[in-house]
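Undergrad: Structure below; questions to follow.
The values are calculated or read from the model by the stated rules, or taken from the named source; none is laboratory data. Since the model is a prediction, treat every value here as computed from it, not as a measurement. Note that each Cβ is placed from the backbone with ideal geometry, even for glycine, and that neighbours are counted across all protein chains shown.
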Amino acid sequence: MPQISTEKRRTLIKTGTLSAGVLLLAALLLILNYFGWKYYKRFDWTSSQLYSLSDKTRKVLKGLKQDIDFIVFLSPDQQELYQPTTELLQRYGAASPRVHVRVIDLAKNAIEAQSLGQKYGVETQGVVVASGNDKRMVASQDLAEIDSQDGAPRITGFKGEQLFTSAILQLSEGRKPKILFTTGHGEHALDDQGGHGFSGAQSLLGRDNFDLSEWASLGQAAVPPGTDLLVIGGPTSSFIQPELDAFSAYLDNGGRMLVMLDPTLNPAGTGLVDTHLEGWLARYGIKAEPDIVVDPEALVPFYGPETIYLKSYGDHPVTKAFAGGSVPVLMSLSRSARAGSAPGIKVTDLVLTSAKGWGETGLAHLPAVSLDPSDVQGPVPVGVVAESALTAPGKRAMRLIVFGDSDFATNQLLQINADNGLLLANALNWLVEREELLGIPPKKTEQVRLALTGDEIRKIYLLAAFLPILAVVLGGFVFVRRRR
C-alpha cells in the first residue's frame, strides 16, 4: 500500500477541516434561518408605538375562525400612508396565520391592480379586507387625520389599527350594526357638510363601520326591527308621546340609544325649549337640567365662553382611554346631564367639568352669569351612561348614553379636536357591544425632520470624501510595512 507523504497528509487534513467547517457553518446558518423564520420577533422603536398591536387587536386575531385577506391598493409614492399601512398589516399577518396580506403596486402592476379592483369593486385607493364573499373597504382618506390649519396638509394621526380591527370584527359577525338617526325635530343631518352637520361623523365612523341611515320617527308606532342603535342628535323641537312610547318599548326590550341634547333657548329667551325628552329620561335615572354649563377654568382661546374643554372622566369603558391622560374633549353650549335614580338602573358619569364649573339656571339674564346657590354646583356632568343593573335570563341589558351637547360630534369641532371623534366612536362601539374596539385611538405619527445649515452640509460632504481616501492611505501603509 503506497504511503501518503507528510505534505499530502497535511493537505488532506487541511482540506477536510476546511470542508467540515464550511458544512458546520452552512448547517448553523440553516438552523438560525429556520428558528428565525419560525420564532421571529418584531420590534417597534417609534415613540408612539405606531406599529404595535393593542391587546384588544391581538385578542380579536387570536379568536379568528376564518381566513382574512388584506389587499392593499396604495401607491408607494404615498409614503406617509403606504409605509405605516404595510408595516402594520405585516404585524397582523405575524400575529395570526389566518391573516394574509397582499400589497398591489399600482404603478408597477397596473394590470393586476385593475383586475383585482374589478373583482372587489375598488373605486378609490385604500385597503380591501375580505373573507369569503364578504368584504369591507377602508379608503385611504379614512386612514389618517389631516391637519390643514398651517397651510400644507400633514398627517397627525394614523387610524389603521382601529379601522382594520373593526373590519375584521364586522366580517366575523357577518353583518354591520344598523344605526338609525332620528329626523323631524331639528336634528343634525348625516349628509350636512356644514359646520353643524354630521357628515364628518359619518366619515369618521368609516364607510363600512356601521350601516348608518336616517329615520323619521313621527308617525311610527315602533322602532324598526333589526335596529342595533338609535341616535337622537341635537333636537330643537319637541317629541310627542307616541314617539316616546316607541323609544321606551325599544329600550325596555334591550335596545340601545345615544341621546345628544342641546340647551336651545325658547323664543322668549327665559328658558330652554322642552323637547319632552327631559321628563322621559328621568324614568331611566338621568336628569337633563334646564341650564347652560359654564366653566371659566376651561375656556378655549379665540372661542366664545360657550365653548369649553373637559378632561375629567368617570370610571367607565367608554372613557377608559381618556382617564389619566388629560385628554380634552371640546363642547359648545352644553347643558348638564346628571345621574338620578331609577329602579334597576345603574347610572355612571362619563364627562365632567372642572370643580369651578357650574350649571347656570338664570337664563333670563344671559350673557351675564354668576354662580348662585340655585345653580348646579360643579364639577358638572355633561355626559352619563345608564344600563340595566339586573336583567332576566335570556333578556339583553338596556344601554343608554346621554350627552348634554351635540356640537362635539359636528363637523366644526371634529375638525378642531380629533379626541371628540374618539369619544363618539367609543360611545357607539360600547352601545353595540364592540368592546374590542374601545381604547384603540388613532396613533400619533412622528414628524421627524433633519434641518442642516449650508456649512454643516459641506462638512458632511468633506467627511464622506475623506473616509475613502483615508482607507486607501491606511491600506497602502499596511501594504508597505508588510513588504518590508
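Undergrad: State which residue pairs qualify: first residue among the aliphatic types (A, V, I, L, M) and inside the stretch 102-131, second residue assigned to a helix (DSSP H, G or I) in any location, beta carbons under 6 Å apart, and separation of 6 or more residues or different chains.
TA: Sorted first by the residue in the stretch 102-131, then by its partner, the pairs are Val103/Thr86; Ile104/Ala113; Leu106/Ala113; Val128/Tyr120; Val129/Ala167.
Undergrad: Taking the condition of being of a type in the set (A, V, I, L, M, F, W, C) and over 28 Å from Glu436 (Cα atoms), how many residues in the stretch 305-345 meet it? Steps first, answer last, please.
TA: Taking the stretch 305-345 as the starting set, the residues that turn out to be of a type in the set (A, V, I, L, M, F, W, C) are 308, 310, 318, 321-323, 327, 329-331, 333, 337, 339, 342, 345.
Those left that are additionally over 28 Å from Glu436 (Cα atoms): 308, 333, 342.
Within the stretch 305-345, residues that are of a type in the set (A, V, I, L, M, F, W, C) and over 28 Å from Glu436 (Cα atoms) number 3.
Undergrad: Something else now. Among the candidates Ala321, Ala386, which residue alone is on the phi < 0 side of the Ramachandran plot and either touching a Phe, Trp or Tyr at 6+ places or on another chain (Cβ under 9 Å) or of a type in the set (Lys, Arg) (or both)?
TA: Values: Ala321 fails: either touching a Phe, Trp or Tyr at 6+ places or on another chain (Cβ under 9 Å) or of a type in the set (Lys, Arg) (or both).
So the residue among Ala321, Ala386 that is on the phi < 0 side of the Ramachandran plot and either touching a Phe, Trp or Tyr at 6+ places or on another chain (Cβ under 9 Å) or of a type in the set (Lys, Arg) (or both) is Ala386.
Undergrad: Moving on. In the stretch 57-95, what count of residues is obtained for those that are over 14 Å from Gln125 (Cα atoms), in contact with a strand residue (DSSP E or B) (Cβ under 9 Å, 6 or more places away or on another chain), surrounded by 19 or more Cβ atoms within 10 Å (Cβ to Cβ) and not β-branched (Val, Ile, Thr)?
TA: 5
Undergrad: Now, a different point. Could you please find all residues in the stretch 348-372 being surrounded by fewer than 19 Cβ atoms within 10 Å (Cβ to Cβ), within 25 Å of Thr410 (Cα to Cα) and among the aliphatic types (A, V, I, L, M)? Show your work before the answer.
TA: We begin by selecting, within the stretch 348-372, every residue surrounded by fewer than 19 Cβ atoms within 10 Å (Cβ to Cβ); these are 348, 354-356, 361-372.
Then keep just the ones that are within 25 Å of Thr410 (Cα to Cα); that gives 348, 354, 363, 366-367.
Leu363, Leu366 - these are the residues of the stretch 348-372 that are surrounded by fewer than 19 Cβ atoms within 10 Å (Cβ to Cβ), within 25 Å of Thr410 (Cα to Cα) and among the aliphatic types (A, V, I, L, M).
Undergrad: When only residues in the stretch 175-202 that are outside any loop (DSSP other than H, G, I, E, B) and under 19 Å from the mean Cα position of the chain (by Cα) count, which is modelled with the highest pLDDT?
TA: The first filter runs over the stretch 175-202 and keeps only residues outside any loop (DSSP other than H, G, I, E, B), leaving 178-183, 199-202.
Now restrict to residues that are under 19 Å from the mean Cα position of the chain (by Cα): 179, 199-202.
On the way: Ile179: 94, Ser199: 91, Gly200: 88, Ala201: 89, Gln202: 88.
Per the stated criteria, the residue is Ile179.
Undergrad: Okay, moving on. May I ask you to say which residue of Leu424, Leu437, Leu431 is surrounded by 10 or more Cβ atoms within 10 Å (Cβ to Cβ), more than 26 Å from Leu81 (Cα to Cα) and at pLDDT 70 or above?
TA: Details: Leu424 fails: more than 26 Å from Leu81 (Cα to Cα); Leu437 fails: more than 26 Å from Leu81 (Cα to Cα).
Going through Leu424, Leu437, Leu431 in turn, the sole match is Leu431.
Undergrad: Scan the stretch 351-388 for residues that are within 16 Å of Glu289 (Cα to Cα), in a strand (DSSP E or B) and touching a residue at least 24 places away in the same chain (Cβ under 8 Å) and report the count. Reasoning before the result, please.
TA: Here is the first cut: in the stretch 351-388, the ones within 16 Å of Glu289 (Cα to Cα) are 351-353, 357-364, 371-385.
Then keep just the ones that are in a strand (DSSP E or B); that gives 351-352, 358-360, 376-377, 381-385.
Cutting the leftovers down to touching a residue at least 24 places away in the same chain (Cβ under 8 Å) gives us 351-352, 358-360, 376, 381-385.
The total comes to 11.
Undergrad: So, one more: Is it true that Leu258 is in a strand (DSSP E or B), modelled with pLDDT of 95 or more and crowded, with 17+ Cβ neighbours inside 10 Å? First the steps, then the outcome.
TA: Details: in a strand (DSSP E or B): yes; modelled with pLDDT of 95 or more: yes; crowded, with 17+ Cβ neighbours inside 10 Å: yes.
Spelling it out, Leu258 is indeed in a strand (DSSP E or B), modelled with pLDDT of 95 or more and crowded, with 17+ Cβ neighbours inside 10 Å.
Undergrad: Quick check, is Glu297 of a type outside the set (Phe, Trp, Tyr), surrounded by fewer than 14 Cβ atoms within 10 Å (Cβ to Cβ) and within 31 Å of the chain's Cα centre (by Cα)? Explain how you work it out, then say what you get.
TA: Numbers: of a type outside the set (Phe, Trp, Tyr): yes; surrounded by fewer than 14 Cβ atoms within 10 Å (Cβ to Cβ): yes; within 31 Å of the chain's Cα centre (by Cα): yes.
When the stated conditions are applied, Glu297 passes them.
Undergrad: Where residues in the stretch 284-294 are touching a residue at least 60 places away in the same chain (Cβ under 8 Å) and not acidic (Asp, Glu), which of them is surrounded by the most Cβ atoms within 10 Å (Cβ to Cβ)? First the steps, then the outcome.
TA: If we filter the stretch 284-294 for residues that are touching a residue at least 60 places away in the same chain (Cβ under 8 Å), which is where we start, we get 284-286, 288-294.
Checking which are not acidic (Asp, Glu) leaves us with 284-286, 288, 290, 292-294.
Values: Tyr284: 23, Gly285: 21, Ile286: 26, Ala288: 24, Pro290: 16, Ile292: 25, Val293: 29, Val294: 24.
Filtering the stretch 284-294 for residues that are touching a residue at least 60 places away in the same chain (Cβ under 8 Å) and not acidic (Asp, Glu), the one surrounded by the most Cβ atoms within 10 Å (Cβ to Cβ) comes out as Val293.
Undergrad: Considering only residues that are modelled with pLDDT under 90 and on the phi < 0 side of the Ramachandran plot, which ones fall in the stretch 203-220?
TA: Matches in the stretch 203-220: Ser203, Leu204, Leu205, Arg207, Asp208, Asn209, Phe210, Asp211.
Undergrad: Taking the stretch 263-294, which residues are part of a loop (DSSP other than H, G, I, E, B) and either small (Gly, Ala, Ser) or under 28 Å from the mean Cα position of the chain (by Cα) (or both)?
TA: Residues of the stretch 263-294 part of a loop (DSSP other than H, G, I, E, B): 263-264, 266-271, 273-276, 283-285, 289-291.
If the condition is that a residue be part of a loop (DSSP other than H, G, I, E, B) and either small (Gly, Ala, Ser) or under 28 Å from the mean Cα position of the chain (by Cα) (or both), then Ala268, Gly269, Gly271, Gly285 are the ones that fit.
So that you can scan it fast, the table gives a plain yes or no per residue for (1) under 12 Å from Gly160 (Cα atoms); (2) assigned to a loop (DSSP other than H, G, I, E, B):
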| residue | (1), (2) |
| --- | --- |
| Lys56 | no, no |
| Lys59 | no, no |
| Asp69 | no, no |
| Phe73 | no, no |
| Asp77 | no, yes |
| Gln83 | yes, no |
| Thr86 | yes, no |
| Leu89 | yes, no |
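Undergrad: Mind checking whether some residue in the stretch 400-417 is part of a loop (DSSP other than H, G, I, E, B) and at pLDDT below 80? Give the derivation first.
TA: Let us first name the residues in the stretch 400-417 that are part of a loop (DSSP other than H, G, I, E, B), namely 404-406, 410, 417.
Subset that is at pLDDT below 80: none.
Within the stretch 400-417 (the criterion being part of a loop (DSSP other than H, G, I, E, B) and at pLDDT below 80), the answer is no, since none of the residues qualifies.
Undergrad: Looking at the stretch 306-347 only, could you name the residues that are surrounded by fewer than 17 Cβ atoms within 10 Å (Cβ to Cβ), under 26 Å from the mean Cα position of the chain (by Cα) and either of a type in the set (Ser, Thr, Tyr) or in a strand (DSSP E or B) (or both)?
TA: Ser326
Undergrad: Being under 19 Å from the mean Cα position of the chain (by Cα), in the same structural domain as Ile168 (by TED's automatic domain parsing) and under 23 Å from Leu171 (Cα atoms) is the requirement here; does Tyr82 meet it?
TA: Values: under 19 Å from the mean Cα position of the chain (by Cα): yes; in the same structural domain as Ile168 (by TED's automatic domain parsing): yes; under 23 Å from Leu171 (Cα atoms): no.
Answer is no for this residue.
Undergrad: Among what's in the stretch 170-182 and is surrounded by 18 or more Cβ atoms within 10 Å (Cβ to Cβ) and not aromatic (Phe, Trp, Tyr), pick the residue that is nearest to Ile68 (Cα to Cα). Steps first, please.
TA: At the first step, the residues of the stretch 170-182 found to be surrounded by 18 or more Cβ atoms within 10 Å (Cβ to Cβ) are 170-171, 177, 179-182.
Cutting the leftovers down to not aromatic (Phe, Trp, Tyr) gives us 170-171, 177, 179-180, 182.
Details: Gln170: 11, Leu171: 8, Pro177: 20, Ile179: 25, Leu180: 29, Thr182: 35 Å.
Per the stated criteria, the residue is Leu171.
Undergrad: Hey, can you tell me all the residues within the stretch 202-227 that are under 30 Å from Gly126 (Cβ atoms) and out of contact with any helix residue (DSSP H, G or I) (no Cβ under 8 Å at 6 or more places or on another chain)? Steps first, please.
TA: First pass over the stretch 202-227, keeping only residues under 30 Å from Gly126 (Cβ atoms): 202-215, 226-227.
Of everything in the stretch 202-227, those that are under 30 Å from Gly126 (Cβ atoms) and out of contact with any helix residue (DSSP H, G or I) (no Cβ under 8 Å at 6 or more places or on another chain) turn out to be Gln202, Asp211, Ser213, Glu214, Trp215, Gly226.
Undergrad: Taking the residues in the stretch 193-235 that are touching a residue at least 40 places away in the same chain (Cβ under 8 Å) and acidic (Asp, Glu) as candidates, determine which candidate is farthest from Gln162 (Cα to Cα). First the steps, then the outcome.
TA: Taking the stretch 193-235 and keeping what is touching a residue at least 40 places away in the same chain (Cβ under 8 Å), we get 193-201, 203-210, 223-224, 226-235.
With acidic (Asp, Glu) added as a condition, the list becomes 208, 228.
On the way: Asp208: 12, Asp228: 20 Å.
Ranking the candidates gives Asp228 first.
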